[in-house]
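Engineer: Let me begin by handing over the structure; questions about it come next.
The values are calculated or read from the model by the stated rules, or taken from the named source; none is laboratory data. These numbers come from a predicted model, not from an experiment. Reconstructed Cβ throughout: ideal geometry from the backbone, glycine too, with neighbour counts over all protein chains shown. Protein only, heavy atoms only, side chains kept; ligands, DNA and RNA dropped before computing areas. Shrake-Rupley method; radii C 1.70, N 1.55, O 1.52, S 1.80 Å.
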Amino acid sequence: MSKNKNALTFTLTTLALLSGCTGVKYEPVEAITLQDGQQQQIEILGAGDWRDTGIVVHTSETYKLTANGTWSMGAICGPTDASGTGVGPLCAGDPWGLGTNGSTLIGRIGSTGKPFKVGDNFTLKPNIKGNLYLRSYD
């Protein structure tokens, strides 16, 4: 396992997703590779679609992902943090079988990668190289 740790910090922004609406689209970003010990902060919206963070993750590296702030998927869901703690029962499903609640921060590697739970504190040792994508699990 690589001793290199790159830190990614995500700021969650409260922006309610109204039922039936599509997610907020993000502006395209330029891809970067974090150097050993480098940090990057990225804003993820509660009503956002998949966010290409611009961070290219490599199989030889380990990444520490942390998130702070709150968001809401809508009035019936209630405000939560990236762990999804406190999400309302109508929004707490797990339709993709990720082993987590709705409103949790999730990720994938590549635009069509398999989603995985990130939550508010996660160590990523990727098994493939690609851009890191994040979103709220809604």
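Engineer: Which ³J(HN,Hα) values, rounded to whole Hz and listed in residue order, are derived for the stretch 40-55 from phi using the Karplus coefficients 6.51, -1.76 and 1.60 in 6.51 cos²θ - 1.76 cosθ + 1.60 with θ = phi - 60°, glycine and proline given as x?
Structural biologist: So the Karplus estimates, Gly and Pro as x, are 9, 10, 9, 8, 10, 8, x, 9, x, 7, 4, 9, 6, 6, x, 8 Hz.
Engineer: Round to the nearest 0.05 the FRET efficiency obtained for LYS129 and GLN41 when R0 = 25 Å and r is the Cβ-Cβ distance.
Structural biologist: Details: r = 22 Å, r/R0 = 0.89.
My answer for the efficiency is 0.65.
Engineer: Which residues among the stretch 112-138 fall inside the zone where the amide N is under 17 Å from a point 7 Å beyond the Cα of VAL24, along Cα→Cβ?
Structural biologist: Those under the cut-off are 134-138.
Engineer: With a point put 7 Å past each Cα toward its Cβ, work out how far SER111 is from ILE32 in nm, to one decimal.
Structural biologist: 2.2 nm
Engineer: Nearest 0.05, what FRET efficiency do HIS58 and ALA92 give at R0 = 41 Å with Cβ-Cβ as r?
Structural biologist: Working: r = 34 Å, r/R0 = 0.83.
Efficiency for this residue pair is about 0.75.
Engineer: Another question about this same structure. Please report the carbon-and-sulfur percent of the accessible area for the stretch 47-128; probe 1.4 Å, protein heavy atoms only, DNA, RNA and ligands left out. Don't skip to the end; give the middle numbers.
Structural biologist: Numbers: 1910 of 3540 Å².
In the stretch 47-128, the share of accessible area belonging to carbon and sulfur is 54 percent.
Engineer: Given 5 Å bins starting at zero, what is the percent of C-alpha pairs of the stretch 51-119 in each, up to the one with the largest pair distance?
Structural biologist: The distribution over the stretch 51-119 is 4, 16, 23, 23, 18, 11, 4, 2, 0, given as percents.
Engineer: Something else about it: Name the shape class, rounded, prolate or oblate, that the alpha-carbon gyration tensor gives for the stretch 98-138, where a ≥ b ≥ c are the square roots of its eigenvalues, rounded holds for a/c under 1.5, and otherwise prolate holds if a/b is larger than b/c and oblate otherwise.
Structural biologist: Prolate.
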